[in-house]
Amino acid sequence: MRTFDQFLEKARELTDIRSALSVLAWDQETKMPPKAAGHRARQRATLAAIYHRKLVSREVYELLESLEQESLDEFEASSVRELRREHAKADRVPTELVQEITEVGSLAYERWVEARERSDYGIFEPWLARMMELKSREADYLQTVETRYEALLDEYEPGMSEQSLDEIFGEVRPQLTNLLRRIEESAVSKTIRPIRGDFPFKRQENLGREVLTRIGFDWDAGRLDRSPHPFCVGLSPLDVRITTRYNVNDFTGSLFGMIHEAGHALYEQGLDSARYGYPACDSVSLGIHESQSRLWENQIGRSASFWKYWFPRLPQFFPKALSNLTLDEFLLSVNQVRASLIRVEADEVTYGLHIIMRYELEKALFSGNVSTKDLPSCWNDTMDEYLGVRPANDRDGILQDTHWSQGLIGYFPTYLLGNLYAAQFLVAARKALPDLDAQIEAGTFSSLREWLREQIHRYGRQYPASELVQRVTGEPLRARYFLEYLEEKYCKLYQI
Ligand code: MG
């Protein structure tokens, strides 16, 4: 027996445990009765501890050591590299610290929920300070990269440097601000009518299922359910679950949400199912994952080509509503740009500004340049500076996102990276598929989906994100493709 096969047996056990943990998490968000919460927390903690013990075991360590000698193919070698990375990280941070972060995370989350309900940051502040202190210690243990912030960033976007982010975001920010100002001053922006009507949720679901089937979601290897916060979870490439939520007065939120999650799902379903259990059979980074959801949701789903096909079909789903809207009015409505307070409701143009300010603030917080006490006023000043709007209360400002309460520092940048990767990938896709727009106008998406599968999905973690982008597009990640996409689309839409 090859050493690699012994290694694979261990790796598969780890994958199975992780997958079981994900089933428990999915169930908790979609089906679990509320009284089960306490027992479920125990069940998850038990499995997580078993996972951790197996990961840092002597056996795994020795297998990793002896694999240095064995000749491996590229996918095997990258699987060894990935598990070695995870093993080293888990080994470096003391188990007690990991447990403390998890515990404080769930307590801080509860305080955050309460603080948000009462719009009172003071309730949450001591817990955020505690979490920052713990994450700071974690970064000290992890530090193998240039900066302490990068040690945390590495968890979500392996290999990305703080310096690259500074450069890319530094280029993006002034251009977004400029485009926003021009759109806000345009005559067209004053004419936009919101979509309001009566859209029974079952009909919204039918529309969503039809669109998802068209873009290639495999219903025999996935499900759609409802949950308060939409998400996608891959239990294996043959079992990928997505969720959505419905607003009966506006169907577009649930539809774009479903397309977004289906973009994530196509990535998970596109991994090589024959390699289930290989550590490299997994998504490469959160930024690349988000690129797949943003590409489908925004670049395809909010495009004129897409709606040329779908708009005339809307009356099949909603016979009474929408009869007073033209296609052009509808397109403007689903691409309305305006400075607003809430990140998750932001449009494609302002979204990046919400992210860049969080990136700047979490770095300042983490490095001690801003204290948790001063954070709300810094938040409000930055919001004012970047977007020209100022929250009137904590709920619509500093307390709107849950990430920091759970110790997710270095996570926000991946959302904007997703937009940048998506734009650069789609430029490459268009070169390979010159009639792509004509296909989309005809309601056909298979060649784009297959291109993404061939170029990106099937590789899993075989290449790090930076190398993958270079291979697919012939260049490193550049902001210009995203900026050019926005400029072209929005100048046309708003006639500026
Ligand atoms: Mg997403």
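The values are calculated or read from the model by the stated rules, or taken from the named source; none is laboratory data. Keep in mind the model is a prediction, meaning the values are calculated, not measured. Counting neighbours? That spans all protein chains shown, and the Cβs are built from the backbone with ideal geometry, glycine included. Just the protein is used for accessible areas: all its heavy atoms, side chains included, with ligands, DNA and RNA removed. Shrake-Rupley method; radii C 1.70, N 1.55, O 1.52, S 1.80 Å.
Annotations
- The listed residues are Leu387, Leu417, Leu426, Leu408, and the only one of them that is within 16 Å of the ligand (Cβ to nearest atom), in the same structural domain as Ser291 (by TED's automatic domain parsing) and within 22 Å of Leu176 (Cβ to Cβ) turns out to be Leu417.
- Leu483 being out of contact with any Ser or Thr (no Cβ under 6 Å at 6 or more places or on another chain), more than 27 Å from Phe217 (Cα to Cα) and crowded, with 20+ Cβ neighbours inside 10 Å: no
- In the range 215-242, the residues that are within 16 Å of the ligand (Cβ to nearest atom) reach residues that are open to solvent by 20 Å² or more (accessible area, probe 1.4 Å) and assigned to a loop (DSSP other than H, G, I, E, B) with C-beta atoms within less than 7 angstrom, at least six apart or across chains, in these pairs: Ser227/Arg245; Pro228/Arg245; Pro230/Arg245.
- Only residues that are surrounded by fewer than 17 Cβ atoms within 10 Å (Cβ to Cβ), in contact (Cβ under 8 Å) with a residue 40 or more places away in the chain and among the small types (Gly, Ala, Ser) were counted across the range 372-408, and they come to 1.
To keep it simple, each residue is scored yes or no on (1) free of Cβ contacts under 8 Å to residues at least 60 places away in the same chain; (2) surrounded by fewer than 18 Cβ atoms within 10 Å (Cβ to Cβ); (3) farther than 22 Å from Thr350 by Cβ.
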| residue | (1), (2), (3) |
| --- | --- |
| Tyr156 | no, no, yes |
| Ser161 | yes, yes, yes |
| Glu171 | no, yes, no |
| Thr177 | no, no, no |
| Ile183 | no, no, no |
| Lys202 | yes, yes, yes |
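- Pick from the range 247-272, criterion of a type in the set (A, V, I, L, M) and more than 16 Å from the ligand (Cβ to nearest atom), ranking: surrounded by the fewest Cβ atoms within 10 Å (Cβ to Cβ): Val248
- Index of the failed condition, Gly443 passing every other in (1) open to solvent by 50 Å² or more (accessible area, probe 1.4 Å); (2) more than 23 Å from the chain's Cα centre (by Cα): (1)
- Residue in the range 205-217 that is assigned to a loop (DSSP other than H, G, I, E, B) and under 21 Å from the mean Cα position of the chain (by Cα) present: yes
- Residue identified as of a type in the set (Gly, Ala, Ser), farther than 30 Å from His260 by Cα and open to solvent by 60 Å² or more (accessible area, probe 1.4 Å) among Ala187, Ala129: Ala187
Conditions (1) part of a helix (DSSP H, G or I); (2) closer than 30 Å to Arg81 by Cα, marked per residue:
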site	(1), (2)
Leu128	yes, no
Tyr141	yes, yes
Leu152	yes, yes
Tyr156	no, yes
Glu167	yes, yes
Asn178	yes, no
Ile183	yes, no
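- Residues satisfying the stated conditions in the range 459-479, i.e. in contact (Cβ under 8 Å) with a residue 24 or more places away in the chain, over 20 Å from the mean Cα position of the chain (by Cα) and closer than 30 Å to Ile183 by Cβ: Thr473, Glu475
- Complete set of residues in the range 282-292 that are open to solvent by less than 20 Å² (accessible area, probe 1.4 Å) and assigned to a loop (DSSP other than H, G, I, E, B): Ser283, Val284, Ser285
- Arg302 within 16 Å of the ligand (Cβ to nearest atom), of a type in the set (Lys, Arg), in a loop (DSSP other than H, G, I, E, B) and touching a helix residue (DSSP H, G or I) at 6+ places or on another chain (Cβ under 6 Å): yes
- Residue in the range 314-361 that is least open to solvent (accessible area, probe 1.4 Å), counting only those that are among the charged types (D, E, K, R) and free of Cβ contacts under 8 Å to residues at least 12 places away in the same chain: Asp328
- Answer residue from the range 273-294, given it is among the small types (Gly, Ala, Ser) and in contact (Cβ under 8 Å) with a residue 60 or more places away in the chain and is farthest from the ligand (Cβ to nearest atom) among those: Gly277
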